[in-house]
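The structure under discussion appears below in the form of structure tokens.
The values are calculated or read from the model by the stated rules, or taken from the named source; none is laboratory data. What you see is a predicted model; the values in this text were computed from it and never measured. Backbone-built Cβ (ideal geometry, glycine too); neighbour counts: all protein chains shown.
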Amino acid sequence: MQANYVSADEAVSHIQSGQRVFVQGSAATPLHLLHALARRAPELHKVEIVSITTLGDMGIPHPGYPESFYFNSLFVSANVREAVNDERGDYVPVFLSEIPRLFDQQILPLDVALVHVSLPDKHGYCSLGVSVDIARSAVKNARYVIAQVNEHMPRTHGDGIIHLREIHALVEAHDSLPEIDYGAKLGSAERAIGRHVASLIEDGSTLQMGIGAVPDAVLQELQNHRDLGVHTEMFSEGLIDLMEKGIINNRFKKKHRRKVVSSFAVGGKRLYAYIDDNPEFAFLEIDYVNNPYVIAKNPRVVGINSAIEIDITGQVCADSIGTYQYSGVGGQLDFMRGASLSEGGKPIIAMPASTGKGLSRIVPVVKPGAGIVTTRAHVHYVVTEHGIAYLFGKNLRQRAYALLDIADPQHRESLEKEIYTRFGKR
């Protein structure tokens with residue numbers, strides 16, 4: 001089937017003021033199209049942008065366009081954080097797994113979808129590549145679909161295959177995909193956390209890794225494990241070495257045996273080349289991947305997620321710093337619950353004990369206005385560089401003292417005073 005291309009400027013000329021526009025995220029952020037849309041900023045008013053995590057300089061969040069675009073974010077990333085926290089945007093609290101329902105049920109009807117796809121094959125099929133997640137539902141529901149077609153976008157197997165018939169405008173692009181090297185950000189705290197978490201992982205476990213340096217630190221500590229599987233909403237480059245050594249082989253998974261199941265991926269050129277046309281990976285829609293009951297069917301699921309802060313009873317704040325919206329609910333609770341329902345599963349919150357500014361992440365109470373992403377009833381394991389706290393089945397006093405033992409030593413005296421005042425002695 002012949003692909004007919006138009007310029008980016010011509011393609012985005014279809015977008016009108018007041019429309020709601022979906023933007024594909026992660027390493028598939030369609031920057032070529034977004035820069036063309038930014039050039040139209042003076043003539044547009046209140047174009048609503050909906051997306052999860054996006055990467056790169058999109059152009060449209062520029063503070064010089066205060067009336068052109070409105071960022072109604074479903075997960076806040078660094079490039080829109082300033083806009084979301086002022087009058088140019090807002091945040092929709094929602095589980096990542098439920099976002100497709102917002103599109104399918106026309107709660108957030110989509111006028112236009114901007115996506116980033118692989119080259120079409122001889123049958124006219126493209127792939128949504130490294131970001132299938134909510135993009136598949138957006139393509140299905142948007143009234144008009146504009147696709148940036150790029151030879152650098154990997155062709156991934158799974159739910160992300162779309163035909164040229166589903167696309168209204170095609171635009172050629174040759175940009176390299178955004179790259180992130182989480183392994184380069186590992187410090188002594190992350191490496192110590194990695195060792196502690198790895199000690200909880202049994203052979204034959206199924207892994208879920210959140211975003212950031214800690215999951216990569218964990219993967220580096222699994223060199224002596226065997227027969228691991230992966231069912232995760234996202235992954236990065238740390239997976240490749242374990243797969244090449246046969247440590248990750250997905251032998252004992254109950255769902256999609258022998259395949260890594262994910263919904264999106266972020267890394268570097270090595271990762272993008274490795275997943276290209278690789279049948280060992282299944283990139284599936286997020287409402288399936290993040291369904292706790294699907295997750296729980298796998299054996300010994302280990303869910304590894306992080307937090308901004310956690311209070312002494314185990315409440316996890318992972319999406320805001322007080323009232324400042326930092327990220328989003330995402331898939332943390334889906335996997336915390338899925339892991340806890342899995343036979344032999346272990347839901348883990350793993351984080352450095354202190355922030356980069358030296359503030360304790362384990363606190364008497366979360367900051368005023370902070371959002372609780374994971375309730376204290378969902379939390380089983382909390383890991384810092386100072387050790388492992390097991391909270392499941394413990395009362396509030398026991399939880400507080402268990403968390404005290406893994407807090408930054410510099411903050412333990414003040415924390416202990418607060419715990420004693422509230423709960424009494426151990």
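From the list LYS259, LYS269, LYS245, LYS255, the one residue that fits, being under 22 Å from PRO178 (Cβ atoms) and surrounded by fewer than 22 Cβ atoms within 10 Å (Cβ to Cβ), is LYS269.
In region 193-206, is there at least one residue being surrounded by fewer than 16 Cβ atoms within 10 Å (Cβ to Cβ), small (Gly, Ala, Ser), part of a helix (DSSP H, G or I) and modelled with pLDDT under 90?
no
Checked against (1) more than 19 Å from the chain's Cα centre (by Cα); (2) crowded, with 18+ Cβ neighbours inside 10 Å; (3) modelled with pLDDT under 95, ASP175 meets all criteria but (2). When restricted to residues that are outside any loop (DSSP other than H, G, I, E, B) and either in contact with a Ser or Thr (Cβ under 9 Å, 6 or more places away or on another chain) or not assigned by TED's automatic domain parsing to the domain that holds ILE349 (or both), region 386-411 contains 7. From the list ALA353, ALA339, ALA273, the one residue that fits, being at pLDDT 95 or above, small (Gly, Ala, Ser) and over 30 Å from ARG397 (Cα atoms), is ALA273.
The single residue among GLY267, GLY204, GLY229 that is of a type in the set (Gly, Ala, Ser) and more than 21 Å from the chain's Cα centre (by Cα) turns out to be GLY204. Count, please, the residues in region 103-136 that happen to be of a type outside the set (A, V, I, L, M) and within 15 Å of ILE49 (Cα to Cα). So the count comes out to 3. Among the candidates SER131, SER97, the residue that is of a type in the set (Gly, Ala, Ser), modelled with pLDDT of 95 or more and out of contact with any Phe, Trp or Tyr (no Cβ under 6 Å at 6 or more places or on another chain) is uniquely SER97. Scanning region 95-139 for residues that are in contact with a Gly (Cβ under 8 Å, 6 or more places away or on another chain) and farther than 15 Å from GLU233 by Cα yields a count of 5.
Here's the yes/no breakdown for (1) surrounded by fewer than 22 Cβ atoms within 10 Å (Cβ to Cβ); (2) under 27 Å from PHE252 (Cβ atoms); (3) among the β-branched types (Val, Ile, Thr):
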| position | (1), (2), (3) |
| --- | --- |
| TYR288 | yes, yes, no |
| ASN291 | yes, yes, no |
| THR323 | yes, no, yes |
| MET351 | no, no, no |
| LYS357 | yes, no, no |
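Answer with yes or no whether THR54 is closer than 29 Å to GLY331 by Cα, among the hydroxyl-bearing types (Ser, Thr, Tyr), in the same structural domain as ASN150 (by TED's automatic domain parsing) and touching a residue at least 40 places away in the same chain (Cβ under 8 Å). For THR54, the condition - closer than 29 Å to GLY331 by Cα, among the hydroxyl-bearing types (Ser, Thr, Tyr), in the same structural domain as ASN150 (by TED's automatic domain parsing) and touching a residue at least 40 places away in the same chain (Cβ under 8 Å) - is not met.
Can you pull out every residue in region 55-97 that is of a type in the set (D, E, K, R) and surrounded by 15 or more Cβ atoms within 10 Å (Cβ to Cβ)? Break it down stepwise before answering.
Going through region 55-97, the residues of a type in the set (D, E, K, R) turn out to be 57, 67, 81-82, 86-88, 90.
Once the filter is applied, which keeps residues that are of a type in the set (D, E, K, R) and surrounded by 15 or more Cβ atoms within 10 Å (Cβ to Cβ), region 55-97 yields ARG81, ARG88, ASP90.
Screening ILE107 against (1) in contact with a helix residue (DSSP H, G or I) (Cβ under 6 Å, 6 or more places away or on another chain); (2) surrounded by fewer than 20 Cβ atoms within 10 Å (Cβ to Cβ); (3) β-branched (Val, Ile, Thr) leaves a single unmet condition, (1). Within region 110-157, the set of residues being of a type in the set (Ser, Thr, Tyr), part of a loop (DSSP other than H, G, I, E, B) and over 15 Å from HIS174 (Cβ atoms) comprises just one member, THR156. ALA265: farther than 30 Å from LYS357 by Cα and among the aliphatic types (A, V, I, L, M), yes or no? No: the conditions fail for ALA265.
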